[in-house]
1. For residues in segment 139-165 being among the charged types (D, E, K, R) and either out of contact with any Ser or Thr (no Cβ under 6 Å at 6 or more places or on another chain) or part of a loop (DSSP other than H, G, I, E, B) (or both), which is modelled with the lowest pLDDT?
2. Please determine, by comparing only the residues of segment 106-118 that are in a helix (DSSP H, G or I) and touching a residue at least 24 places away in the same chain (Cβ under 8 Å), which one is nearest to residue 26 (Cα to Cα).
3. Go through segment 1-43 residue by residue and tally those that are part of a helix (DSSP H, G or I), surrounded by 12 or more Cβ atoms within 10 Å (Cβ to Cβ) and of a type outside the set (Lys, Arg).
4. Inside segment 68-86, can you point out the residues that are in a helix (DSSP H, G or I), more than 13 Å from the chain's Cα centre (by Cα) and either at pLDDT 65 or above or basic (Lys, Arg) (or both)?
5. Testing residue 58 on (1) at pLDDT below 95; (2) not in a loop (DSSP other than H, G, I, E, B); (3) not acidic (Asp, Glu), one condition comes back false. Which one is that?
6. For segment 39-82, what are the residues that are over 12 Å from residue 141 (Cβ atoms) and in contact with a Ser or Thr (Cβ under 6 Å, 6 or more places away or on another chain)?
7. Test residue 50 against the stated conditions and say whether it is modelled with pLDDT of 95 or more, touching a Gly at 6+ places or on another chain (Cβ under 7 Å) and either within 17 Å of residue 21 (Cα to Cα) or not acidic (Asp, Glu) (or both).
Amino acid sequence: MLKAICSKKDLYNTGYYRCVSDIINCREVTRLKDITHHISTTRFQHCLNVSYYSYIVCRKLRLNARSAARAGLMHDLFYYDRKIYNAVREKGDPRHSRMHSEVALENAGKLTEVSALERDMIQKHMWPATLKLPKYKETYVITIIDKYCAVLEFCIPRVSVILHGKNGTK
């Protein structure tokens, strides 16, 4: 079953899945399943969360939902450990929060053709840390959804422990 955080919907055989079907099972994307992200999830799950909810919001706003789904899935397409990068970076080198979007964009370009809209969404999803303003409405959507998903991914496991105890039972 393929599902986003806080959703019970299986994403296979949906309009969303048709938007990303050519890239979601690629080795470069599935490698993200082995990388921890936001303490309690994987980078793949985070990208799926951002991708799906950006798709939903853009569809409701009559924006380019297909590009939102694709850019969301690739917005954190990098394989290094951000904590190690920030710990060993040289003075003057950009912090992870500013540079990982460029790495993700480069990796996305190796995977598939990336439209100008998708490029803007991937490059600027960390705005305002990226400083340059997003060019498209969809970029603002993915920026907000990325932060929303990060909060969910961080908080939900902690709330579950509070409600259900360490083993999931109280």
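1. This residue is 158.
2. Out of the qualifying residues, it is 111.
3. 8
4. Scanning segment 68-86 gives 82, 83.
5. (1)
6. If the condition is that a residue be over 12 Å from residue 141 (Cβ atoms) and in contact with a Ser or Thr (Cβ under 6 Å, 6 or more places away or on another chain), then 73 is the only one that fits.
7. yes
Each row is one residue, and each column tells you yes or no for (1) touching a helix residue (DSSP H, G or I) at 6+ places or on another chain (Cβ under 6 Å); (2) among the hydroxyl-bearing types (Ser, Thr, Tyr).
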site: 13; (1), (2): no, no
site: 20; (1), (2): yes, no
site: 33; (1), (2): yes, no
site: 40; (1), (2): yes, yes
site: 48; (1), (2): no, no
site: 51; (1), (2): yes, yes
site: 56; (1), (2): no, no
site: 66; (1), (2): yes, no
site: 70; (1), (2): yes, no
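The values are calculated or read from the model by the stated rules, or taken from the named source; none is laboratory data. Small disclaimer: the values here were computed from a predicted structure and weren't measured. Glycine gets a Cβ as well: all are built from the backbone with ideal geometry, and neighbour counts include every protein chain shown.
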